[in-house]
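Here's the structure we're looking at; comments come further down.
The values are calculated or read from the model by the stated rules, or taken from the named source; none is laboratory data. Owing to the predicted nature of the structure, the values given are computational and were not obtained by experimental measurement. With ideal geometry, Cβ positions are generated from the backbone for all residues, glycine too; neighbour counts draw on all protein chains shown. Each accessible area value is taken on the protein alone, full model and side chains, heavy atoms only, with ligands, DNA and RNA left out. Shrake-Rupley method; radii C 1.70, N 1.55, O 1.52, S 1.80 Å.
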Amino acid sequence: MTDKTKIASVLFDLDETLLDRTQSLTQFVLAQYQRFYPHFQHIPSAAYLRRVVELDANGAVWKDQVYKQLLAELEIMDVGWAELLNDYVAHFAEACVGFPNLHATLDALETKGYKLGIVTNGRSPFQERNIAALGIRRYFDTVLVSEAEGVRKPDPEIFLRAAARLRTHPDAVVFVGDNPQADIAGAQRCGMSAIWFAARATGSCAFADAVCHGLDEVVGWVESQ
């Protein structure tokens, strides 16, 4: 992006950027433990939570594999992995929690006239339900979920597709996300600028155009460009 290019659109990742997935998963797993307590009562809730989180690998592993391994490790014999997976699909949205200042940030960007979009890797309609659960769908002019689109970040195609749907040239788009490769490098490869959202992220991302530790910081950076 050149110094003279004015940002017109802001694209966001979903998990660990708008959605506090870590907190949401914790709340979901503890609620699931209670729903299936007759099957799990020989296992402490903390142990169940810890192992689900470990196997989930920050969302990198779909829950069919998580639950298959979990049941084998914990020697749970009287409930099947498919039942737990169906419970996850049906109830995860009920546990969804956004990061602080989520609505205030989107309100501010909307009021200032920026076009907004979401580009998220994940399953459809699972991700769409999570967006709806956060109460934020109305802010976004476009939402792209990788399964529905048939392409995943960091493939440039999904970023370019989002920019086209916003009718914005890529060099007038900033992408906000927590994953250095999928989000930051992927967006920059298309000519977008990129903000590394580091509220929960570990390590560093020296090549990001900016680093924000809270959503409220995004508005100020976008306005300064």
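What to note about this one:
- Zone of residue 5's modelled label, taken as backbone nitrogen in segment 136-180 under 18 Å from a point 7 Å along Cα→Cβ: 155-177
- By accessible area, using a 1.4 Å probe on protein heavy atoms only, the chain has 51% of its surface on carbon and sulfur.
- Note on residue 101/residue 68: beta-carbon distance plugged into 1/(1 + (r/R0)^6) with R0 of 41 Å gives a FRET efficiency of 0.60.
- Charge dipole of segment 115-225 about the Cα centre (unit charges at C-beta), most positive-ward option of 218, 206, 151: 151
- Here r is the Cβ-Cβ distance between residue 47 and residue 111 and R0 is 30 Å; the resulting FRET efficiency, rounded to 0.05, is 0.05.
- Shown for the chain: lysine pairs separated by 8 or more places, or found on different chains, whose C-alpha atoms are under 21 Å apart, numbering 6.
- Accessible area per residue, Å², segment 1-41 with all protein chains present, probe 1.4 Å: 43 Å²
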